[in-house]
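For reference, the structure is listed below as structure tokens.
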């Protein structure tokens, strides 16, 4: 019984943390996890024009499909910024050190930026 209660408490804590994190995304930023397993996680990420997603590290490699492209600015923790243009329907595979370093993302384009990505563990 104690093991069962510990499991339920742990599950509740993990679920609460995930929901809590989603509710604290900045205005104009949305992320919805679609799957997660021992090999990969997949999600849809949306960024409205002018919105900025906070800096986060991106461990491992990831494959991305651009549902709606836009011009994105990566803002690295050291202050360096890099603009990138992604077109609707394009795909990309990110596995370089600059792709995995922590950085914020700002949508500096005129349209909504929406991607489906798979983080490979």
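Check whether at least one residue in the range 77-86 is over 16 Å from residue 108 (Cβ atoms), surrounded by 12 or more Cβ atoms within 10 Å (Cβ to Cβ), at pLDDT 95 or above and in contact with a strand residue (DSSP E or B) (Cβ under 9 Å, 6 or more places away or on another chain), and report yes or no. Within the range 77-86 (the criterion being over 16 Å from residue 108 (Cβ atoms), surrounded by 12 or more Cβ atoms within 10 Å (Cβ to Cβ), at pLDDT 95 or above and in contact with a strand residue (DSSP E or B) (Cβ under 9 Å, 6 or more places away or on another chain)), the answer is no, since none of the residues qualifies. It is to be established whether one or more residues within the range 13-27 are surrounded by 12 or more Cβ atoms within 10 Å (Cβ to Cβ), touching a strand residue (DSSP E or B) at 6+ places or on another chain (Cβ under 8 Å) and at pLDDT 95 or above. No, because not a single residue in the range 13-27 is surrounded by 12 or more Cβ atoms within 10 Å (Cβ to Cβ), touching a strand residue (DSSP E or B) at 6+ places or on another chain (Cβ under 8 Å) and at pLDDT 95 or above. Among the residues of the range 91-108, are any touching a residue at least 60 places away in the same chain (Cβ under 8 Å) and in contact with a strand residue (DSSP E or B) (Cβ under 6 Å, 6 or more places away or on another chain)? Scanning the range 91-108, I find at least one residue that is touching a residue at least 60 places away in the same chain (Cβ under 8 Å) and in contact with a strand residue (DSSP E or B) (Cβ under 6 Å, 6 or more places away or on another chain), so the answer is yes. Residues in the range 30-44 that are farther than 13 Å from residue 63 by Cβ and part of a strand (DSSP E or B): 30, 31, 32, 33, 34, 35, 36, 44. Scanning the range 102-117 for residues that are under 13 Å from the mean Cα position of the chain (by Cα) and surrounded by fewer than 17 Cβ atoms within 10 Å (Cβ to Cβ) turns up 102, 104, 116.
Among the residues of the range 45-54, the one identified as part of a strand (DSSP E or B) and exposed (fewer than 15 other Cβ atoms within 10 Å of the Cβ) is 54.
The values are calculated or read from the model by the stated rules, or taken from the named source; none is laboratory data. Here the structure is a predicted model, which is why all the values come from computation and not from measurement. Note that we place each Cβ from the backbone using ideal geometry, even for glycine, and neighbour counts take in every protein chain shown.
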